[in-house]
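Below is one structure, written out as structure tokens, with a few remarks after it.
The values are calculated or read from the model by the stated rules, or taken from the named source; none is laboratory data. If you're wondering where the values come from, they're calculated on a predicted model, not measured in any experiment. With ideal geometry, Cβ positions are generated from the backbone for all residues, glycine too; neighbour counts draw on all protein chains shown.
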Amino acid sequence: MRKLRNIGLTSIQHFVVVRTMGLLLLLLLAGASFLKASAQTGYTGIFGGGPLYKSGAATNIAELENSGFTEVIVWSVEVNSTGDLNLNGEFPLTSNGVYIGNQTYPNFASDMATLKQGTVKRITFSIGSSNVGDFQDIQSLVNSQGTGSSSILYKDFQALKAAIPALDAIDLDDENNFDSASTTAFSVMLHGLGYNVMPDAYDNSSYWTSLVSAINTQSPGTVDGVHLQTYSGGSGNTPCSGWNFGSVPVFAGVWDQDDTASQTQSQMSSWHSQCGITGGFLWIYDDIVGKNEAAQYASAINTGVAGSTTGGTATAVSLTSSFNREGLYSDGTSFASNAGLDGNGYAYSSNLLGSSQSWNGETFSIGAANSSNVVSAAGQQITLPSGEYSSLQMLATGVNGNQASQVFKVTYSDGTTSSFTQSLSDWFSPQGYSGESNAVTESYRDTSSGGKDSRTFNLYGYSFSLNDTKTVQSVTLPSDSNVEIVSLILVS
């Protein structure tokens, strides 16, 4: 067994869904025929319930939008005996073939669209849970009405898609019915309405493998991924054994109450090494709301399923002699009103940032609080550790507004250069620029009076590809004092 329905709770303590997959996208070739890391091609998902629509949803949507997750799975949709759809028994979505969700949470549809302005590429709604009758109701409705345009299931899921165009897929969390005929008919109907389908399995592998074959035989491409639960009731599962769906990838998931971000990366990396999975998911966002951990878990899964680079060694770039701004303060510390990260009396909380942060599978050192600890860009040149590296990675942000089209230039020992043009979002208003990821989300920032500004502020991650056949010498920063560099590393 696994998850029980949310019923409006903001923290879930039950069982979950996971996935992973068996496609291996290998190789990038660099000039001297180096084998690079295989690229991620699957989805990195996170399940979420009440926090996606209840009080505080705007903050949570902003966190997930640029977290690095590429799929958000909204959990859990109830299908009742009349075909009406309801989220967690507290949020009516459709009734008698009409979308009514705007009556309860009018911003929900637009919030789903907002998610896809960042790193999220797929919105999935999950049907079912442990010990509920959704799939029994679906079976009864299919048997009595069919799945044609006059059936209530067709009308309700058509209305849902029309009201929420950002919705891409339906997750089938059937844990107790297992009726192949009705589920196949239901899935084929969904595909005709523009949805993909993703089974959500934790046991009964023979049922699920035959179901996927039946669905895709009738409507090719309907099922394009499988979520596999590998914890709680599915704790003995592995995507590398017993769950073979042919060309359909398996995305395995972990539970944040069982695994830290570091442990998650290790597990995903192990599965990737064993059977080439290219995606995974996390159960469940409700557990980590307000903890600034979403980006850490997304990075852990992305890094794990992408494999490691040749060498893969990270080398810190010392910024101590280049620090020229006091941008991090410990909570409760007073400082000048014309100081701080933005020069206007606001700073990152050192209590939240700590002495290091993880992003993109690497660890970045953070400067000490209450002193010069950030590099404000002024066209200066920073010396880099001599060596051949594949990327320069950076934690940074814009302040006093978004900072568009900033040029960073790396100089090699032979005098040649590589230039990178990157836009940086303001720390308060993530724009989801190309090449930008939300590495850290802080739930407040410190003020010069020693107080807190309890809104959401961000620190972003950037990665610039280098010519790894040449020895780096230095990086020249933009001439823009509103570009703030917190940490730099080089990765071989």
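Tell me, which residue of region 235-252 that is in a loop (DSSP other than H, G, I, E, B) and among the hydrophobic types (A, V, I, L, M, F, W, C) is nearest to the chain's Cα centre (by Cα)?
So, considering only residues that are in a loop (DSSP other than H, G, I, E, B) and among the hydrophobic types (A, V, I, L, M, F, W, C), the one nearest to the chain's Cα centre (by Cα) is VAL248.
Quick one: GLN263 ticks every box in (1) in contact with a helix residue (DSSP H, G or I) (Cβ under 8 Å, 6 or more places away or on another chain); (2) without any contact (Cβ under 8 Å) to a residue 40 or more places away in the chain bar one, so which box is it?
With respect to (1) in contact with a helix residue (DSSP H, G or I) (Cβ under 8 Å, 6 or more places away or on another chain); (2) without any contact (Cβ under 8 Å) to a residue 40 or more places away in the chain, GLN263 is out only on (1).
What about SER110, is it within 30 Å of SER434 (Cβ to Cβ) and modelled with pLDDT of 95 or more?
yes
What residue, of SER487, SER418, SER413, SER481, is within 19 Å of GLY367 (Cβ to Cβ), among the hydroxyl-bearing types (Ser, Thr, Tyr) and touching a Lys or Arg at 6+ places or on another chain (Cβ under 9 Å)?
SER481
Among the residues that make up region 433-450, is at least one of them at pLDDT 95 or above and within 24 Å of GLN380 (Cα to Cα)?
No, because not a single residue in region 433-450 is at pLDDT 95 or above and within 24 Å of GLN380 (Cα to Cα).
Here is a list: SER299, SER206, SER266, SER262. Which entry is in the same structural domain as GLY68 (by TED's automatic domain parsing), over 25 Å from GLU63 (Cβ atoms) and small (Gly, Ala, Ser)?
SER206
Scan region 62-84 residue by residue and report those that are under 20 Å from ASN107 (Cα atoms) and part of a loop (DSSP other than H, G, I, E, B).
Within region 62-84, just ASN66 meets the criteria.
Working only within region 116-159, note down all residues that are assigned to a helix (DSSP H, G or I) and among the aromatic types (Phe, Trp, Tyr).
Passing the criteria: PHE135, TYR154, PHE157.
Considering region 374-419 alone, what residues qualify as being assigned to a loop (DSSP other than H, G, I, E, B) and either within 21 Å of ASN482 (Cβ to Cβ) or in contact with a His (Cβ under 7 Å, 6 or more places away or on another chain) (or both)?
Of everything in region 374-419, those that are assigned to a loop (DSSP other than H, G, I, E, B) and either within 21 Å of ASN482 (Cβ to Cβ) or in contact with a His (Cβ under 7 Å, 6 or more places away or on another chain) (or both) turn out to be ALA377, ALA378, GLY379, GLN380, VAL399, ASN400, GLY401, ASN402.
Quickly run through region 199-243 and pick out the residues that are polar (S, T, N, Q), at positive phi and without any contact (Cβ under 8 Å) to a residue 60 or more places away in the chain.
Scanning region 199-243 gives a single hit, ASN204.
List the pairs whose first member sits in region 69-87 and is within 13 Å of GLY133 (Cα to Cα) and among the hydroxyl-bearing types (Ser, Thr, Tyr), whose second member is assigned to a strand (DSSP E or B) and at pLDDT 95 or above, and whose Cβ atoms are under 6 Å apart, counting only residues at least 6 apart or on separate chains?
Pairs that qualify, where the first residue is within 13 Å of GLY133 (Cα to Cα) and among the hydroxyl-bearing types (Ser, Thr, Tyr) and the partner is assigned to a strand (DSSP E or B) and at pLDDT 95 or above, are SER76/SER126.
How many residues does region 337-367 contain that are without any contact (Cβ under 8 Å) to a residue 12 or more places away in the chain and either touching a helix residue (DSSP H, G or I) at 6+ places or on another chain (Cβ under 7 Å) or not hydroxyl-bearing (Ser, Thr, Tyr) (or both)?
Qualifying residue count for the region: 1.
Looking only at region 413-438, which residues are of a type in the set (Asp, Glu), touching a residue at least 40 places away in the same chain (Cβ under 8 Å) and either surrounded by 14 or more Cβ atoms within 10 Å (Cβ to Cβ) or touching a strand residue (DSSP E or B) at 6+ places or on another chain (Cβ under 6 Å) (or both)?
GLU436
Is one or more of the residues making up region 221-234 part of a helix (DSSP H, G or I) and surrounded by 21 or more Cβ atoms within 10 Å (Cβ to Cβ)?
Yes, that holds for at least one residue.
Of all the residues that make up region 287-309, how many are more than 20 Å from LEU352 (Cα to Cα) and either of a type outside the set (A, V, I, L, M, F, W, C) or assigned to a strand (DSSP E or B) (or both)?
Result for region 287-309: 6.
Please pick out the residue among VAL250, VAL254 that is buried (at least 17 other Cβ atoms within 10 Å of the Cβ) and either out of contact with any helix residue (DSSP H, G or I) (no Cβ under 6 Å at 6 or more places or on another chain) or of a type outside the set (Val, Ile, Thr) (or both).
Going through VAL250, VAL254 in turn, the sole match is VAL250.
Output the residue which, of all residues in region 172-198 that are farther than 15 Å from ASP134 by Cβ and of a type in the set (S, T, N, Q), is surrounded by the most Cβ atoms within 10 Å (Cβ to Cβ).
Going through the qualifying residues, I end up with THR184.
Condition test on ASP111, is it farther than 19 Å from LEU190 by Cβ, part of a helix (DSSP H, G or I) and in contact with a Leu (Cβ under 8 Å, 6 or more places away or on another chain)?
yes
Let's see how each residue does on (1) at negative phi; (2) in contact with a helix residue (DSSP H, G or I) (Cβ under 7 Å, 6 or more places away or on another chain); (3) at pLDDT 95 or above:
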| site | (1), (2), (3) |
| --- | --- |
| LEU23 | yes, no, no |
| LEU28 | yes, no, no |
| LEU35 | yes, no, no |
| SER38 | yes, yes, no |
| TRP75 | yes, no, yes |
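Being in a strand (DSSP E or B) and either among the small types (Gly, Ala, Ser) or not assigned by TED's automatic domain parsing to the domain that holds SER55 (or both) is the filter here, so list the residues in region 269-286 that pass it.
Hit for region 269-286 is GLY280, nothing else.
GLY432 - would you say it is in the same structural domain as SER449 (by TED's automatic domain parsing) and farther than 16 Å from ALA316 by Cβ?
Yes: the conditions hold for GLY432.
So, in region 160-177, how many residues would count as being hydrophobic (A, V, I, L, M, F, W, C) and either in a strand (DSSP E or B) or not assigned by TED's automatic domain parsing to the domain that holds VAL197 (or both)?
4
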